[in-house]
Every structure is written in C-alpha cells, then in structure tokens.
1. For a footprinting-style exposure proxy, rank Cys120, Cys61 by other Cβ within 10 Å, fewest first.
2. What's the ranking of 41-51, 101-111 by average number of surrounding C-beta atoms within 10 Å, highest first?
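Read the figures in this text as sums done on the coordinates, not as results from a lab. On a predicted model such as this, the values are computed, not experimentally measured, just so you know. We place every Cβ from the backbone using ideal geometry, glycine too, and count neighbours over all the protein chains shown.
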Amino acid sequence: MLYDIEQKSKRNSLNQGFWDEFTNRDVFEDFISNRKERLPAVNVIENDAEFILELASPGMCRDNYTLEVENDVLNISGNVKTPNSTEEMTYKRREFSYTAFNRSFILPEYVDEEKIAASCADGILTIHIPKKDHVTVNNRREIVID
C-alpha cells in the first residue's frame with residue numbers, strides 16, 4: 001500500500017496512528033487542513049502488476065515536475081511561475097494561480113524502484129510503479145481464535 005507521508009503524519013499526530021493501522025483513509029482529513037485545495041489531487045490505482053498514481057495539475061507539463069526516489073520514498077514536486085502582467089496583457093481579473101507543491105509517498109518494499117516511469121498528458125501526470133515479480137504480497141490472512 002502506498003502512503004502519502006503528509007496524511008500519515010497528520011494521522012499519527014492526531015490519533016497516534018489509529019486510523020492508519022486499521023484503514024488507509026483518514027476520516028478527519030477534510031477538517032484538518034485547508035491546504036488540500038493547494039495540493040494536486042492524486043488517484044492511486046493498484047492492480048496485480050503495478051501501482052498507478054494519477055496527479056491532476058492542469059496547466060502543468062513535464063518540465064514543471066521533479067520526481068525522485070530516495071530511501072523508499074517517492075517525492076513529487078511541481079512548480080509553475082505565474083506570468084507577470086505586461087503592457088500587452090493587462091488583466092481586469094486574474095483567477096489562475098499556480099503554487100509550488102510537494103507530495104511524498106512511502107513505497108512498499110515489493111515495488112521495483114528502478115522501473116518507475118512517468119508521463120504527462122492533458123493536465124494529468126501518470127506515474128507507473130511496477131511491483132517486483134518474485135514477491136507475493138498477501139494482504140489477507142485468517143486469524144485463529146484460541
């Protein structure tokens with residue numbers, strides 16, 4: 001399972017990891033921070049072969065992103081400079097704004113970090129994180145009651 005570091009640290013500080021241990025969803029996330037509006041939304045898809053991250057960031061292209069993997073953490077950062085008004089472009093109203101962002105995800109030990117690939121099209125950054133072939137992950141087991 002991929003974990004967003006920022007969300008995980010919020011959960012840990014608020015409830016000592018209770019929600020993180022039993023679910024991967026923080027029910028308090030919408031109430032914790034208004035920073036959510038400034039971070040690009042991320043979809044996490046998992047299938048047998050890989051994880052796929054889809055990051056929505058309209059107006060950004062591949063030159064605006066930096067992706068790095070260090071110590072089993074995938075760091076995604078983005079930066080777009082807002083163009084300044086010139087004599088040729090005097091805005092009467094300006095609602096487009098871009099801010100720099102950074103999202104980090106803890107990678108499970110069973111992904112192949114060397115084969116991570118990314119592409120950008122139509123305002124969506126898509127990152128493919130393949131799983132290792134020789135590792136089987138069993139997320140389900142039966143607990144015997146004594």
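1. Starting with the residue having the fewest Cβ neighbours, the order is Cys61, Cys120.
2. The most tightly packed comes first, giving 101-111, 41-51.
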